[in-house]
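The values are calculated or read from the model by the stated rules, or taken from the named source; none is laboratory data. Small disclaimer: the values here were computed from a predicted structure and weren't measured. Glycine gets a Cβ as well: all are built from the backbone with ideal geometry, and neighbour counts include every protein chain shown. Note: areas computed on protein heavy atoms with side chains; ligands, DNA, RNA excluded. Shrake-Rupley method; radii C 1.70, N 1.55, O 1.52, S 1.80 Å.
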Amino acid sequence: MINKNKIAMISGITGQDGGYLAKFLLEKGYKVIGLYRRGATDTFSKLREHGILDQIEMCDFDLLEFSNIVRLLKKYQPDEFYNLAAQSFVQASFEEPIYTACADGLGVLYILEAIREFSPNTRLYQASTSEMFGLVQEIPQKETTPFYPRSPYGVAKLMAHWMCVNYRESFGIFATSGILFNHESPMRGKEFVTRKITSHFAEMVTGLTDKPLELGNLNAKRDWGFAGDYVKMMWLMLQQDKPDTYVIATGETHPIRDFVEEAGKICGYDIKWEGKEENEVGIDKKTGKIVVKVNPKFYRPAEVELLIGNPEKAEKQLGWKREVNYKSLCRMMMEADLKRVLEGKL
């Protein structure tokens, strides 16, 4: 067990990773301070589903309000600060590039500067992203792979990433950056493609909707892992003697259409594909019904076609290995959404 007095501060605690991380840290005996932005929709549902809301001290937080960040750090002097807060939806960043740049880039600079001035012993974990690799310059991607972001989200996150490197080299701040590849779970927001697939299929197979699932680029390949595995790595990074950068990934990649087929099988669909590009559809062989359609409105202005990470450094230095594989992750998510539909909670 960890010392009961050790304090962890988690920004973005109401998101997917925040819930899993908070639960993990509470089990280790931490006092958890949860930071959330007031006005966010369905704010505490994930923490309630984890059964941990009453164990967390919740505080109002905004990445763009420096005085708010300063007051929180001065008051709590946390041992560890996990920055999971962000405008994290890639598609939205093309419509909100200025806000995304401010929240995901400048907001991290605010946190670093507040730690430097008011809580210098705080260890910072910054949630970086595989989207920084974008138009990939190397396969697989590792810590030394050149970056080439393809969205305002990726660009903003890259600013934050290099700020963390600069502050640890210039000012001795313990700022570690975890370049996490796509990580999913039943707690994923429904605007993200994996959860969009499982929640829609759950509604289709139970008769709540007869509309087909609409998706963008079915051929985009992603390296998908389980969020519950990945948050343990965040903690391990902050237990090291020195801050560093680590890629967290599975080392395997799958196209979105593969995830569609895998989730469909669990629902009893046997999907065959017909047509090309925006005219492509997925048809259930048993019924002849169209269950998937391509809708060009979900295309990105600049697509990231392939992401696959090399987690060798993290596995060797931190002793980490994932526990949930790709098919198990897909089944976990699909079965959770089927259960939610049956319970009227989707």
Review point. Is it true that VAL281 is modelled with pLDDT under 95, in contact with a Lys or Arg (Cβ under 6 Å, 6 or more places away or on another chain) and surrounded by 15 or more Cβ atoms within 10 Å (Cβ to Cβ)?
Key: no
Study note, to complete from the structure: Exactly one of ALA86, ALA92 is open to solvent by 20 Å² or more (accessible area, probe 1.4 Å) and either in a loop (DSSP other than H, G, I, E, B) or under 19 Å from ILE13 (Cα atoms) (or both), and that one is ALA86
Practice item. Check VAL32 against each of (1) under 23 Å from ALA156 (Cβ atoms); (2) buried (at least 22 other Cβ atoms within 10 Å of the Cβ) and name the one condition it does not meet. Key: (1)
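Condition (residue is under 30 Å from LEU318 (Cα atoms) and at pLDDT 95 or above) applied to segment 195-207: is it met by at least one residue? Steps first, answer last, please.
Residues of segment 195-207 under 30 Å from LEU318 (Cα atoms): 195.
Subset that is at pLDDT 95 or above: 195.
There is at least one residue in segment 195-207 that is under 30 Å from LEU318 (Cα atoms) and at pLDDT 95 or above.
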Revision key, fill the gap. Of the conditions (1) under 17 Å from the mean Cα position of the chain (by Cα); (2) surrounded by fewer than 19 Cβ atoms within 10 Å (Cβ to Cβ); (3) of a type outside the set (Gly, Ala, Ser), the single one that GLU214 does not satisfy is (1)
**Study point:** Sole exception among (1) in a helix (DSSP H, G or I); (2) under 22 Å from THR176 (Cβ atoms); (3) not polar (S, T, N, Q) for ARG71, by number
**Key:** (2)
Practice item. Please enumerate the residues belonging to segment 173-196 that are part of a strand (DSSP E or B) and small (Gly, Ala, Ser). Key: ALA175, SER177, GLY178
Check your understanding: Looking only at segment 99-138, which residues are open to solvent by 10 Å² or more (accessible area, probe 1.4 Å), assigned to a helix (DSSP H, G or I) and of a type in the set (A, V, I, L, M)?
Key -> ALA101, LEU106, LEU109
Study note, to complete from the structure: Flagged in segment 187-203 as under 14 Å from LEU342 (Cβ atoms), open to solvent by less than 20 Å² (accessible area, probe 1.4 Å) and not hydroxyl-bearing (Ser, Thr, Tyr), in numbering order, are PHE201, ALA202
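So, of the residues in segment 158-174 that are open to solvent by 10 Å² or more (accessible area, probe 1.4 Å) and in contact with a strand residue (DSSP E or B) (Cβ under 6 Å, 6 or more places away or on another chain), which turns out to be nearest to VAL231 (Cα to Cα)? Talk me through it step by step, then tell me what you get.
Here is the first cut: in segment 158-174, the residues open to solvent by 10 Å² or more (accessible area, probe 1.4 Å) are 158-159, 162-163, 165-172, 174.
From what's left, in contact with a strand residue (DSSP E or B) (Cβ under 6 Å, 6 or more places away or on another chain): 167-168, 174.
Working: TYR167: 23, ARG168: 22, PHE174: 18 Å.
Out of the qualifying residues, it is PHE174.
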Exercise for review: Among residues belonging to segment 43-68 that are assigned to a helix (DSSP H, G or I) and of a type in the set (D, E, K, R), point out the one that is surrounded by the fewest Cβ atoms within 10 Å (Cβ to Cβ).
Suggested key: ASP54
**Study point:** Which listed residue, of GLU277, GLU184, is more than 30 Å from HIS50 (Cβ to Cβ) and in contact (Cβ under 8 Å) with a residue 12 or more places away in the chain
**Key:** GLU277
Point to revise | Candidate set: segment 291-346, residues that are assigned to a helix (DSSP H, G or I) and aromatic (Phe, Trp, Tyr); chosen: the one surrounded by the most Cβ atoms within 10 Å (Cβ to Cβ) | key: TYR326
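Please pick out the residue among SER170, SER199 that is in a helix (DSSP H, G or I) and either touching a His at 6+ places or on another chain (Cβ under 9 Å) or touching a residue at least 24 places away in the same chain (Cβ under 8 Å) (or both). Break it down stepwise before answering.
Numbers: SER170 fails: either touching a His at 6+ places or on another chain (Cβ under 9 Å) or touching a residue at least 24 places away in the same chain (Cβ under 8 Å) (or both).
None of the others qualify; the one that does is SER199.
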